[in-house]
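One structure below.
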Amino acid sequence: VAAPPPQGALNELRPDGDIVGCTVLRPFGWACPFDLTPCMERDRLQELKSIGVVLSSAEVGQLSADVIICARMKEECVNTRLSNLVTCTSNANVLIVKLMVGAQLPKRRAFRFLVQGYNVRDSMAPRSVTSNGPVLCQTCALNKWAMQTRDMDTEQTVLDNKEGIPGVFLVGVISVLSIVPSDYKVDSIENYVTITIRLDRACDPRATLRITHPMEYMKSANAAFQGAPVTTGVTFPRMKEIRQSQNVIEIIAIEETIPANEDMEISIIMSNPGISPTRMTNIWAFEASSMRTGSKVIQNVNYNVSGFKIFGEFARGAVSPTVLSPASENIIGVWFSVKSPLPLVDAANPNPNKPQGLPKAIRVWMPKGFTPNPAPRPPLYLPLFCSKDFSKTYNAFREGVVGFPQNIQYMGVPDDSNCQTKYDMDYEQFYISIFIDPQSWLDNGRDYGFEFGVTNPPLEGMPPQKENVWRMDTVMSDVILHLKTGMAGYDLEQIKVVTVNFQDTTKRKTLHPLTFEVLSSKYIPGGSKIVVTGPDSFRVGCVFFRPIYGLSSTTTCLVKKPNIVEFTIDSQDPKTANTPFAIRVMWTNPEFTPPNNWWNVELLSPLLKAVDVRNYIPGFDITDRVEVYVMGTFSYLAEVNPLRIMFLAQTIMNQADTGNELVVHAPLGYVFPAKCTGFRLRLTDNRQASSGDSANTGYPSGFVFPPAGTNCTGFFNNTVVVRLPNGSGMLKNNYTLEIDVENPGYKLNGTDIWQFFTRVRNENGTKIVDANRTVPGFSLSELVPLRTVEGGAWRSLSWPPFCLLALPLLLARSSAEGRL
């Protein structure tokens, strides 16, 4: 963000309670004031070693450890986590700063530090009584501070004590509502900056508003502008005098009061430097004072206002992926061009007008969900060097990948660059940082390109479209020089079509042929691998493996794990995009339906990089085999046939489940009417007359089967569904289903195989309980009508002579066969 947020007004209320957490911060010009115990012990052992004393093995080990610990603690004291050496807590109006073990503060050594806190509330601020009423005071007895140093023993012995330290004089706050530049670009000669402020207390004339801005933004002598360099808005006093000296601006109200609690605008003409000032130096200061009493009295201040940032521009910035599959390793190509150079660092010939003498880097920020390879790990998120996928040049001719234009000569980043993966805890984003040697540079107007490795998020971790944007910047000594936001990301894609075709869902079924039909929109190089991962309880074998279509017969099969099989495509058999193929391989069904009933198919390049992936392919339910016998009682073509289907359910249908159903699939050509006719569901032996017979069925005495509310539904096709009412189920028993079906008007050409299922279907989905997909049917014949003559009598037979001669022979043969 270039423009700073509103500053000065306290947006958060002071926390309730006495104990408030705090942090010790480093002031400007900080030098580590502590004597570190590991460093002192290291120095002692090294001194003994230097004068010829032979160290024991324990002392040698201690010296090695002290060298490492000393270096770490020095780095923490100077640059990183100061909280590991010194902590603080605030209990009401008492601030306790505690030195951690290993850190000592020697005598007569200055210890300067910063602590963020809250000033006293105005109602509780110390005041003195004057002729004009109570006023805030600085030297009164109530505004005195005291300091002590204590030992760490149990008695907390006081070592030093000083009382009567004069306190601070509280004044009003200048709230800086906004600092808005008209131009955020570096090296801009004319930049009109509008500042909006609000005073907490009014300043009587003669009143002075003093503004101090960073030296880097001083107006250039080459700036050609019209009008005054500093102007004020309508709410500021009209009679005023404006003085400007380098980076200090004074606006003096001669006759009128500078009002309080009113928004006032000040416009300043400034010049942007070649790089934004550092965070430490990009500070503005505001001070409002009054000379009403003859001496200067400060009424309002704000000495710590963050300024705005300026950036160079990218002429171009874009990213291009090589793999669009979710949860897969990917190589990202980056193409960029800068409008202003990332300059050469020449420490021997510094130029005060250019950002020289600073290290520099290129950073690429990823959307949330994407991780670099390798990714820094919590909780410290220490930087790591980029994986071997990092390349200082961009490969525009990668096989099967549509990336950036191939007719551009892409320059790589300097050869002495190195890449690290990092994590920013404030933004909660990963990024890569390519460090460029101080003696190298990036020129403006040239097309640069490089590559680095990332891991795509899973589908459920993909950021929403508005957050799926990348960001790129160049930095010099952690100051952003160029910035490119809103770089378009990419959407993840899966294999276009994957179908798992099964034949038998019976539990523990061996040599169950599963056919995987695949259609990918990606180019698949020769020698690639097809990896199929089944649910954990499935087992695979390459016996009887066979490519069905689309793959050469030289495709090989290898079992990687019990539920993972790998097929290798012939190196001379690459596949163009959208080429369908199918593979059949034998699996063993598990005992039960697995809880995570998903299949995964991966297409990997010969280098084992993902080409295309499909996850969460729905599996099939594992069932027990239900024994079924289908008998037609009127098996004639195009006639209504009362069916009698007898079945033995191996698994109970739980009455606690809603939506228990029986499903019958007839061969194509049979039609069940929408309103079932001839429907009856009963126990096969129908033993419910006596209590003893009823007990043998498993149902209680007096239970009527089927339960009331059982209904039958046809669909004018070859499927009929019988649904039990909610709260009803079926025990393991022999049952008979009677129902009418219309036979086809032709004899079936294919197999006359019926299918029968028991299932549970409700708002949570459909689950098959038992199944039989290979139920033998029955044959159909043509119904021939009998020829009759009404009112006629028997006519004498008039057979030809040869029939009369053949009849005794046929009778004799029949008699002989009967004796045999």
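The values are calculated or read from the model by the stated rules, or taken from the named source; none is laboratory data. A quick note: this is a predicted structure, and the numbers were derived from the prediction, not measured. We place every Cβ from the backbone using ideal geometry, glycine too, and count neighbours over all the protein chains shown. The accessibility values were calculated without ligands, DNA or RNA, using every heavy atom of the protein model including side chains. Shrake-Rupley method; radii C 1.70, N 1.55, O 1.52, S 1.80 Å.
What the table below lists for this structure:
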| read-out | value |
| --- | --- |
| Alpha-carbon spread of the chain, three principal axes, descending order, Å | 156, 79, 68 |
| Label point at Leu511 placed 7 Å out along Cα→Cβ; residues across the stretch 553-567 whose backbone nitrogen lies under 20 Å | 557-559 |
| Residues Asn407 and Ile753, FRET efficiency given R0 of 56 Å [Cβ-Cβ distance, rounded to 0.05] | 0.40 |
| Exposure of Phe516 as accessible area (Å², to 10), given a probe of 1.4 Å and all protein chains | 10 Å² |
| Candidate lysines for bridging to Lys98, where Cα separation is under 30 Å - those fewer than 8 sequence places away on the same chain excluded | Lys74, Lys107, Lys144, Lys162 |
| Antiparallel bridges, percent of DSSP beta bridges restricted to the chain (to nearest 5) | 95 percent |
| Computed [θ] at 222 nm, deg cm²/dmol, the chain (DSSP H ≥ 4; -39,500 (n - 2.57); rounded to nearest 500) | -2500 deg cm²/dmol |
| Pairwise label distance in nanometres, Ile564 with Lys107, each label 7 Å out on the Cα-Cβ vector | 6.8 nm |
| Reachable lysines from Lys392, criterion Cα separation under 25 angstrom, eight or more residues apart if same chain | Lys339, Lys360, Lys368, Lys422, Lys484, Lys609 |
| Qualifying GluC sites (Glu not before Pro) for the stretch 389-486 [loop in DSSP, other Cβ within 10 Å: at most 14] | Glu399, Glu428 |
| Rel. contact order, % - alpha carbon contacts under 8 angstrom, at least six apart, the stretch 313-472 | 38 percent |
| Protection proxy ranking of 725-735, 101-111, 431-441 - average other beta-carbon atoms within 10 Å, highest first | 431-441, 725-735, 101-111 |
| Full-stretch length increase - Ser571, Ile254 - with 0.36 nm per residue and alpha-carbon distance subtracted | 105.2 nm |
| Rounded percent of accessible protein surface that carbon and sulfur make up, the chain, 1.4 Å probe | 54 percent |
| Summed residue charge, Cβ within 14 Å of Pro525's Cβ, Lys/Arg positive, Asp/Glu negative | +1 |
| Solvent exposure of the chain as accessible area per residue, Å², 1.4 Å probe | 56 Å² |
| Length released on extending from Ser306 to Leu170, taking residue separation times 0.36 nm less the Cα-Cα span | 46.8 nm |
| Arg72, Arg363, Arg279, Arg112, reordered so the largest accessible area comes first (probe 1.4 Å) | Arg279, Arg112, Arg72, Arg363 |
| Net charge over other residues, Cβ less than 14 angstrom from the Cβ of Val559 (K, R count +1; D, E count -1) | +3 |
| Near-label residues of the stretch 197-217 by backbone N, under 14 Å of a point 7 Å along Cα→Cβ of Glu262 | 197-205 |
| Rounded if a/c under 1.5, otherwise prolate or oblate - the stretch 608-684, Cα gyration tensor axes | prolate |
| The stretch 496-571: relative contact order as a whole-number percent, Cα under 8 Å and 6+ apart | 29 percent |
| Between helix 57-78 and the chain: long-axis angle, C-alpha atoms, 0 to 90°, nearest 10 | 80 degrees |
| The chain: angle of helix 37-50 to the longest principal axis, Cα-based, in degrees nearest 10 | 80 degrees |
| Efficiency of FRET between Leu668 and Tyr616 - r from beta-carbon atoms, R0 22 angstrom, step 0.05 | 0.10 |
